[in-house]
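One structure is given below, encoded as structure tokens.
The values are calculated or read from the model by the stated rules, or taken from the named source; none is laboratory data. Keep in mind that this is a model prediction, so the values were computed, not measured. Note: ideal-geometry Cβ built from the backbone for every residue, glycine included; neighbour counts use all protein chains shown. When the accessible area is computed, the model is the full protein with side chains, heavy atoms only, and any ligands, DNA or RNA have been set aside. Shrake-Rupley method; radii C 1.70, N 1.55, O 1.52, S 1.80 Å.
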Amino acid sequence: MSKTPKWRPVFGEKLPPGFKPPIHKEDQPSENNSSTNAVSGRPLEPSNKRNPKTSIKSVAKPNAVPQKKLKPESWPDYLAKMDPLERILLAFTVYRQPKDVSIDRFYSYNYDSFRYLDRDLLGPDYPEAMRIISKWKKVGLMVEGRYSNLLSLEKGVTEAFWRFIDDQVYPELLKLEPVRSYTADLSGTLDNIFNFLVMVEQGEVSITRAREVNKNSLKRVLAALTEPARPDKLFTIESYFFWLLGVVNFFKLISPKGDRLALTALGRELTEQITVEDLLCQICPSHLNTIPNKGFFLMLPLLVNCTAWTSWTQKASKLIPADFSRALFPRDRIISLLDPMRFLGLLDWGEYQEDILVRLTPLGQFLIPKLLKRQKVEDYTAEIKCLIDQVYPTSGPDTAYVQPNYEILLPHSASWSTRWQLSQFALLVQQDQMLKYRLDKNYFMNALKRGVPASEVLDLLTKLSAYTLPENLVLTLRQWGESFGQVTFVQLSLLECTTPEQAASIASARKYREYVLGLYSTTVVIVRETEKLRKLLEKQGIFPLPGVLDGKGVAERLRSSDEV
């Protein structure tokens with residue numbers, strides 16, 4: 001009977017008496033989990049049990065020779081002998097470039113640690129993770145930081161690892177073309193963010209008590225979005241909207257206000273003058289840092305060279321076996337990784353049989369190498385702006401073409417400031433090379449309700465229009481403006497007296513003149529500032545009933561008097 005191997009402390013440090021290494025439920029063997037699916041690599045379980053997260057573990061190497069610290073020139077040989085799991089974890093570590101990081105950061109219960117390879121895919125157990133990190137320290141890939149319990153990546157490991165990865169993947173000889181392609185859509189993303197902010201500004205996005213967009217508002221928002229192309233079976237417009245909402249929340253452009261969403265000061269500033277390059281310089285690094293799939297960071301260095309259509313499967317097969325690839329990169333997972341980068345204008349992707357093809361845009365070719373090296377992309381805003389202007393210019397012209405049929409045509413390259421002003425009183429009906437707005441009476445009246453002066457509408461259209469405004473349109477807008485505010489609700493109070501004589505006395509007395517507005521009937525006086533008037537009446541020996549009756553109270557009194 002074989003003996004249970006003794007627990008050996010990590011990094012040669014003594015452990016406190018009675019210390020036991022952590023054992024997690026997912027790491028314990030189970031009779032029901034012994035079989036796996038040959039395609040997905042996931043455990044097969046009885047249907048009445050909840051599926052645990054799939055675990056992919058490193059292959060044990062018996063009779064391993066103790067490692068010694070290697071010289072940098074020997075690193076490629078060591079990297080070539082790595083098993084797939086270790087290679088994936090090193091790729092993730094190299095991207096993060098840890099410096100003075102505690103051991104707890106490598107194995108914790110968040111998706112950033114070695115415990116998970118993806119949200120629903122378990123990584124190595126605790127002893128295995130510690131063994132891998134201990135080995136990296138012994139061979140010199142990681143070194144002690146300022147203190148013995150802190151770790152940093154050795155200088156030069158990042159570049160050596162990327163060179164090794166690049167050497168493993170030779171350029172494909174076949175020139176592949178996708179059967180169906182999905183192109184980068186930065187323009188659609190920015191237009192949809194803009195349109196959503198317009199709806200928020202106009203009070204059209206209601207929220208529940210849990211601060212979620214309610215169902216009716218969600219339907220209106222989804223109908224206003226330009227839907228990006230994507231395979232129908234994998235795409236829901238709701239998931240796309242919530243990704244957009246995540247971007248808007250990341251920049252703190254909206255906040256709850258009562259039962260609705262409202263623009264913050266940053267949101268108003270953005271709508272007046274957008275700076276796309278600044279947005280991308282913030283959102284792109286943040287997006288990569290939140291990707292939960294660690295295998296993606298093994299593939300990221302390879303994407304840098306994808307200037308033509310390139311097979312994802314062929315790239316991955318050079319670095320990890322098929323079973324690892326199937327578990328880490330099922331088709332829907334690959335698409336979920338690539339789509340946000342497509343929405344940010346960094347790449348195109350396409351379908352080719354069962355494979356996925358990838359191709360970087362000029363913007364992606366410039367940005368991704370810098371993101372990979374974790375450089376400060378904000379240092380390259382001038383170059384980024386030049387690339388963005390090729391796909392989403394916002395420098396004008398701001399010339400509008402106002403039609404007699406109440407349509408307003410505006411170039412898509414018009415500034416956000418001009419588009420924002422038009423959207424306050426005109427309904428956007430079409431987005432193409434030209435933006436088509438329509439003047440609608442209800443939409444116009446709602447603008448006046450929000451405080452947009454009717455005179456400013458005509459002034460803006462006159463300023464933007466390339467020609468003299470059509471007479472019929474000017475006349476109609478003036479008529480709409482004149483019909484607004486012809487009646488007004490006024491909040492007043494009524495003082496009911498028992499006799500006409502008492503009402504006339506209060507209405508005519510000089511001491512009450514400041515609070516009396518006139519007679520409503522022979523026994524009812526129209527008054528204001530009821531509490532001040534109450535105190536004055538009490539000084540004169542007239543004591544009103546406590547409180548102020550609302551409509552319900554008045555109705556009950558009238559009902560009681562009718563019954564009597």
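Given 20 °C and 1.002 mPa s, how large is the Stokes-Einstein diffusion coefficient of the stretch 208-358 in µm²/s, with Rh as the Kirkwood radius over Cα pairs? Value of D from the Cα-based Kirkwood radius: 121 µm²/s. As a size descriptor, the averaged projected area of the C-alpha convex hull of the stretch 124-213 was calculated at 14.4 nm². Rounded to the nearest 0.05, what FRET efficiency do LYS552 and ARG209 give with R0 = 25 Å and r taken as the Cβ-Cβ distance? Could you check? With R0 = 25 Å, the Cβ-Cβ based efficiency is 0.45.
Go ahead and collect, in residue order, the members of the stretch 261-291 whose backbone nitrogen is under 16 Å from a label point 7 Å along the Cα-Cβ direction of ALA224. Counting only backbone N, you get 261-264, 267-268, 271-272.
Surface calculation, 1.4 Å probe, protein heavy atoms: THR488 sits at approximately 110 Å² accessible. Placing +1 on the Cβ of every Lys and Arg and -1 on the Cβ of every Asp and Glu, with no other charges, gives the chain a dipole of roughly 2280 debye about its Cα centre. Derived value for the stretch 387-442: Kirkwood hydrodynamic radius 11.6 Å. Basis is the mean of 1/r over every pair of different alpha-carbon atoms.
Express the carbon and sulfur contribution to the solvent-accessible surface of the stretch 361-509 as a percent, rounded to the nearest whole number, probe 1.4 angstrom. Using a 1.4 Å probe with all protein chains present, the stretch 361-509 comes out at 51 percent carbon and sulfur. Loop-located GluC sites (Glu not before Pro) across the stretch 420-483 with a Cβ neighbour count of 12 or fewer within 10 Å are lacking, with loop assigned by DSSP.
What does the C-alpha gyration tensor say about the overall shape of the stretch 138-277? Classify as rounded when a/c is under 1.5, otherwise prolate if a/b is larger than b/c, or oblate. Cα axes put the stretch 138-277 in the oblate bin. In the stretch 195-297, Rg over Rh equals 0.99, where Rg is the alpha-carbon radius of gyration and Rh the Kirkwood radius from pairwise Cα distances. Global size of the stretch 479-550: 15.2, 54 Å for Rg and Dmax (C-alpha atoms, Rg to one decimal, Dmax whole).
A convex hull fitted to the Cα coordinates of the stretch 165-237 yields 184 cubic angstrom per residue. Both the radius of gyration and Dmax for the stretch 223-270 are 13.3, 39 Å, in that order, over alpha-carbon atoms. State the answer as a single residue: which of VAL205, ALA129, ASN195 lies farthest towards the positive end of the charge dipole of the stretch 95-216, with beta carbon charges of +1 for Lys and Arg and -1 for Asp and Glu, about the Cα centre. Of the options given, the answer is ALA129.
Heavy-atom accessible surface of SER455, to the nearest 10 Å², is about 70 Å², with a 1.4 Å probe and all protein chains retained. Each helix, a run of at least 4 DSSP H residues, gives -39500 (n - 2.57); summed and divided by the residues of the chain, these come to -12500 deg cm²/dmol at 222 nm. When only Cα pairs below 8 angstrom with a gap of at least 6 residues are kept, the chain shows a relative contact order of 11 percent.
Under the combined filter of DSSP loop state and at most 15 neighbouring Cβ atoms within 10 Å, the stretch 434-537 retains these chymotrypsin sites (Phe, Trp or Tyr not before Pro): TYR467, PHE484, PHE489. Accessible surface computed residue by residue for the chain, with neighbouring protein chains in place and a 1.4 Å probe, gives 57 Å² per residue. Applying 1/(1 + (r/R0)^6) with r as the Cβ-Cβ distance of GLU529 and GLU407 and R0 = 60 angstrom yields a FRET efficiency of 0.75.
When the Cα convex hull of the stretch 102-176 is projected onto planes of every orientation, the mean area is 7.3 nm².
Were the residues from LYS373 through ALA308 laid out at 0.36 nm apart, the gain over their Cα-Cα distance would be 21.2 nm. If you plug the beta carbon distance of GLU501 and GLN273 into 1/(1 + (r/R0)^6) with R0 = 60 Å, you get a FRET efficiency near 0.35. Note on MET199 and GLU144: the model spin-label points, each 7 Å out from Cα along the C-beta direction, lie 5.8 nm apart. Take the cross-link list LYS449/LYS552; LYS175/LYS373; LYS71/LYS318; LYS135/LYS175; LYS318/LYS385; LYS137/LYS252 and give me the ones stretching past 31 Å between alpha-carbons. From LYS449/LYS552; LYS175/LYS373; LYS71/LYS318; LYS135/LYS175; LYS318/LYS385; LYS137/LYS252, over 31 Å: LYS135/LYS175; LYS318/LYS385; LYS137/LYS252. Full extension of the chain between GLU383 and TYR170 gives 73.7 nm of extra length, using 0.36 nm per residue less the Cα-Cα distance.
Across all Cα atoms of the stretch 305-445, the radius of gyration (one decimal) and Dmax (whole number) stand at 21.2, 66 Å. How large is log10 I(q)/I(0) at q = 0.11, 0.12, 0.13 Å⁻¹ when the Debye formula is applied to the Cα atoms of the chain, each weighted equally and without solvent? Here the Debye-derived log intensity ratios amount to -1.09, -1.22, -1.35. Give me the base-10 log of I(q)/I(0) for the stretch 284-338 at each q in 0.12, 0.17, 0.20 Å⁻¹, Debye formula, one uniform scatterer per Cα, rounded to two decimals. Results for the stretch 284-338 at q = 0.12, 0.17, 0.20 Å⁻¹ read -0.27, -0.54, -0.76. Both radii were evaluated on the Cα set of the stretch 149-196; the Rg over Rh quotient, with Rh as the Kirkwood radius, amounts to 1.28. Calculated translational diffusion coefficient of the stretch 374-494 (25 °C, 0.890 mPa s; Stokes-Einstein with Kirkwood radius over alpha-carbon pairs) equals 148 µm²/s. Treating only the Cα positions of the stretch 301-380 as identical point scatterers, give the base-10 log of I(q)/I(0) from the Debye formula at each q in 0.24, 0.25 Å⁻¹. Debye intensities relative to I(0), on a log10 scale: -1.21, -1.27.
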